[in-house]
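The structure under discussion appears below in the form of structure tokens.
The values are calculated or read from the model by the stated rules, or taken from the named source; none is laboratory data. Values in this document were obtained by computation on a predicted structure and should not be read as measured data. No Cβ is skipped: glycine too gets one built from the backbone with ideal geometry, and neighbour counts run over all protein chains shown. In case anyone asks, the SASA skips ligands and DNA or RNA and just uses the protein heavy atoms, side chains included. Shrake-Rupley method; radii C 1.70, N 1.55, O 1.52, S 1.80 Å.
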Amino acid sequence: MDGDAACIARARHTAADFLARVQAERGMEVSARASDLTQLVVSELVTNACKYAPGPILLHLRVTGAVVEVVVWDSEPGLPLVRGADPDRVGQHGLEIVTALAQSVDAEREPAGKRITARITLDGGAPGR
């Protein structure tokens with residue numbers, strides 16, 4: 001993706017299409033909740049990449065066991081920090097939302113940029129932390 005604002009909607013549609021194919025072609029059960037959570041996580045991670053990293057963004061989706069992994073790479077090498085809850089803060093809740101919804105979230109520096117991986121169960125169950 002080129003990092004423009006339209007790539008956020010494209011990324012959400014890509015995630016929904018991917019999970020529909022997983023269900024249709026691989027016969028794996030994907031709950032509506034898991035599909036919704038995955039699209040929200042994709043949206044938040046891609047939005048953060050668009051806002052804070054210049055240049056292209058890579059989105060990779062894969063199913064491992066009963067989990068969908070959402071991987072977003074961007075060119076900004078600084079790792080994001082989850083801020084504490086603050087009801088008075090306007091914005092900057094994206095990673096907070098992602099960590100609340102996903103089973104796990106990892107952030108790793110790459111030779112160029114960083115990679116964020118969020119894992120969501122295909123049944124859409126509560127995070128296992």
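Tell me the helices (runs of 4 or more DSSP H) entirely within the range 3-121 that contain at least 1 residues that are open to solvent by 70 Å² or more (accessible area, probe 1.4 Å) and not polar (S, T, N, Q).
Values: elements: 6-26, 32-52, 94-101.
Fully inside the range 3-121 and qualifying: 6-26, 32-52.
Which pairs have Cβ atoms under 8 Å, sit 6 or more apart or on different chains, and link a residue in the range 55-80 that is farther than 18 Å from Arg26 by Cα and among the hydroxyl-bearing types (Ser, Thr, Tyr) to one that is at pLDDT below 95 and surrounded by fewer than 17 Cβ atoms within 10 Å (Cβ to Cβ)?
Ser75/Pro54; Ser75/Gly55; Ser75/Pro56; Ser75/Ala112
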